[in-house]
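Undergrad: Got a structure for you, questions after.
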Amino acid sequence: MSSPERIKRRKQNPPPTPQSTPNPPLPYDLLLSCIARVSRLYYPTLALVSKSFRSLIASPELYKTRSLLSRTESCLYVCIQSSSASVRTCFRSLIASPELYKTRSLLSRTESCLYVCIQSSSASVRTWYTLCRKPNKTLSNETKSSGYILARVPVPESSWSRHPDSGLVAVGSDIYNIGGSDFLSMASRSLSRVRVLDCRSHTWSEAPSLPVALCLFSATVVDRKIYVAGWHKDGGSGLKNVFQVLDTEAQVWDILPSYETRVFFRKTASNGGNFHVLTTRNEEVAYDPKVGRWDAVESLVDWWYRDCCEIGNVLYAAGGGVLVWYDTEERRWRKVTGLVGLPELNSESRVKLADYGRKMGLLWQEEALVPWVCVKKKLRGEPWPRVRYTQTETKIWCAEIALERRNSCEIWGKVEWLDHVLTVPSGSKVMTLLAATL
């Protein structure tokens, strides 16, 4: 056989190459056990890996395994309200820039577009976020970043979300939205619908409705039971005080005994295992679930108009540029000492507090000016384009504070980390901060 024929046969029949054996997938039970040991802060990043990971992270089996392995932890959930107009403003400059369409042409991404003009009323949009770790974040001693961000949660938007934040409470791994009116008015219609957000799968389901519909209300959790104080339109006789409690384990509502006083203001809190309610006369009453009785107590009105939460049977509040706690023995508010590195917090900061695993989760917002380019007809002797306007954007900040009671009249706060975790369009506002256990 000639040499050219041998070369031709070699080309037609190449030598066999060893086949690459793909890595076999991990057994489901092993993968479940591994993911259950990972901190919940990394789950939003893991959900981006694949559809199977996303399905696993939303499965009830994962959270049952976490519970059996004693790996449950507190997770912060934030509800931020912004108008649809402000969201459009954030991207208006980029969408209108010539560079965007030049880039689309270079990438061969031009396409036909239909334009339709539809008139509709602008509505507020509420978006849910959860605290998580930044993906691919390498921390060093030189960086000041904590590595935390707020990641958007894919919670379906619906009409219920325009209701006041006073009806949003967290119990275990669920967030309850207690129905009520979306207007601060006696003429508003009353609602009784209750929905539950499962923070494991981020899906909504129906819960037992309020026995008595309310038009203005406030809800608080005491020992895993949801207490609701509100106003009920009693036919032609006007408004009536109604107190209701939901046993989240049995999913059964009960009516509490009434307290004869003026109509209640929409503010409640948990303090020392009791359900506290503030009246329109700045009087305060407390319901003791153990004995089933109402008692008038010394009013905490000076701080009830700020956000407050109970951590380790101690009531904390934010306002006036300081964090305070209520001393039940001396019946007075005291400042939380320490807090090195925490900036001054004022009424415009919209401070929100939450019990973050026996530590304080603290969230606030601040407005920041950003340059806005004015593109108008160039005038003689003037640079073009020129900065003519400024618009603001809202920065969301978060901090985790460890609390230590050093003596009977002092609680020390240590700022474990503090960081800018999210930027949203101007006009947005933090509605609520809740901690779920997953």
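Undergrad: Note down the nm distance, to one decimal, between modelled labels 7 Å out along Cα→Cβ at V322 and at K429.
TA: 2.6
Undergrad: Moving to a separate point now. Assuming 0.36 nm per residue, please report the length gained on full extension of the stretch L31 to W412 beyond their Cα-Cα distance.
TA: Once the chain is fully extended between L31 and W412, it gains 133.0 nm.
Undergrad: For L210, L68, give the ranking by accessible area with the largest first, probe 1.4 Å.
TA: Highest to lowest solvent-accessible surface, that is L68, L210.
Undergrad: Next question. So what does H232 come to for accessible area, using a 1.4 Å probe and Å² rounded to 10?
TA: Approximately 50 Å² for this residue.
Undergrad: A further question follows. Between R152 and V340, 0.36 nm times their residue separation minus their Cα-Cα distance comes to what?
TA: 64.7 nm
Undergrad: Sticking with this one: On full extension of the chain, what length is gained from S52 through E73, given 0.36 nm per residue of separation minus the C-alpha to C-alpha distance?
TA: 5.2 nm
Undergrad: When all protein chains stay in place, what accessible area (Å², nearest 10, 1.4 Å probe) is found for L315?
TA: Ignoring ligands and nucleic acids, L315 comes out at about 0 Å².
The values are calculated or read from the model by the stated rules, or taken from the named source; none is laboratory data. The shown structure was predicted, so the numbers you read here are calculated from the model rather than taken from an experiment. Cβ: placed from backbone, ideal geometry, glycine included. Neighbour counts: every protein chain shown. These accessible areas exclude ligands, DNA and RNA; they are computed on the full protein's heavy atoms, side chains included. Shrake-Rupley method; radii C 1.70, N 1.55, O 1.52, S 1.80 Å.
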